[in-house]
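Structure first, commentary second.
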Amino acid sequence: MDVKAAMAEAAEAVAETMDRLLALPDGPEARVVEAMRYSALGGGKRLRAFLVLQSAALFSVSRSCALRVAAAVEFLHAYSLIHDDLPAMDDSDLRRGRPSCHKAFDEATAVLAGDALLTYAFEVLAQEETHSDPRVRAELVLALARASGTQGMVGGQMLDLLAEDMDSIDASLITRLQRMKTAELLCFSCEAGAILGKAGKAARHALHSYGQEMGLAFQIADDLLDIEGDSSVTGKPTGLDDAAGKATLVAALGVENARAHALMLVDQSARHLDFFDDKAKLLKQVARFVVERQA
Ligand code: GRG
């Protein structure tokens, strides 16, 4: 199976799991669940879910356990997108080619839907169905908390906001910021299979290193798409002028150097997977996919 077909298959499977986990309740609280469903089930590449499923397959983890972890990371990712689109952050009217959550509902509901998706991600990880061993469940909770909190995604977003007021920002600070904001959650997705499979330190380290470099390449590709992509899908203005002054490696290095850097990171990331021989073929291919994608 090629990587695109494997990603499509994973996206369908995780969407079914997410749909099942996000049942609509009776009563007035249904509105917040509707907003959660609108954002979490409304498309996306499901890259993080794919990484969880592929890393879990390296350790023969049960598919139903891996799908629950894949759903949890996609819930958390959906929260970050809802909050990132709010007027206080990126102020985006569009997400995944349709109105962002606060446009489809309202700002207060979008804040609550994001909060509830974040909380629910941890609830799903902590539930017994996710793994029979409570130590494994606790390890998943700890790793996701670290990847998404002040040492990870939220910390990276804070640095990004602060960078807007800096006169200049160098490539090493941008790299640190993007590792935290984007790569840490991708690292968690890669490591999750090793946690579920109680793999040894070396395997876990190899997946972490792969996730870090692939995650950085992914963010560079995202920044390149922001200036070259279809603004009717991204909801963001496009063009190199818009990239100027932003804390991106595209702004710091220029388009061609940033593209070359991303390709170098892809090669470097794939080398960490040599540890798994041929079993990690699709993970190697997805690293290339993230820099060649058009959306
Ligand atoms: C806590 C108020 C509050 C806000 C948090 C954490 C945060 C806001 C924002 C996270 C930062 C963020 C959105 C980083 C960008 C990462 C990124 C490139 C997202 C797009 O991911 P894709 O392309 O999206 O995988 P799809 O739609 O395919 O799932």
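Here are some notes:
- Odd one out for A35, checked against (1) near the ligand (Cβ under 10 Å from one of its atoms); (2) assigned to a helix (DSSP H, G or I); (3) over 28 Å from R288 (Cβ atoms): (1)
- Some residue of segment 143-156 being away from the ligand (no atom under 16 Å from the Cβ), surrounded by 14 or more Cβ atoms within 10 Å (Cβ to Cβ) and closer than 22 Å to R48 by Cα: yes
- Taken over segment 119-129, the criterion of being buried (at least 18 other Cβ atoms within 10 Å of the Cβ) and in contact with a Ser or Thr (Cβ under 9 Å, 6 or more places away or on another chain) is satisfied by A121, V124.
- In segment 45-79, the residues that are surrounded by fewer than 20 Cβ atoms within 10 Å (Cβ to Cβ) and within 15 Å of the ligand (Cβ to nearest atom): K45
- Among the residues of segment 142-170, those identified as assigned to a helix (DSSP H, G or I) and under 16 Å from the mean Cα position of the chain (by Cα) are A143, L144, A145, R146, A147, S148, M153, V154, G155, G156, Q157.
- Residues satisfying the stated conditions in segment 1-11, i.e. within 17 Å of the chain's Cα centre (by Cα) and surrounded by fewer than 17 Cβ atoms within 10 Å (Cβ to Cβ): A8
- Pairs meeting the criteria (first residue in segment 80-92 and more than 21 Å from A145 (Cα to Cα), second residue part of a helix (DSSP H, G or I) and near the ligand (Cβ under 6 Å from one of its atoms), beta carbons under 7 Å, at least 6 apart or on different chains) are M89/H83; D90/D84.
- Qualifying residue in segment 263-273 (condition: within 22 Å of Q54 (Cβ to Cβ) and without any contact (Cβ under 8 Å) to a residue 12 or more places away in the chain): yes
- Only one of R48, R20 that is over 11 Å from the mean Cα position of the chain (by Cα), of a type in the set (K, R) and assigned to a helix (DSSP H, G or I): R20
Read the figures in this text as sums done on the coordinates, not as results from a lab. Nothing here was measured: the structure is a model prediction, and the numbers come from that model. Glycine gets a Cβ as well: all are built from the backbone with ideal geometry, and neighbour counts include every protein chain shown.
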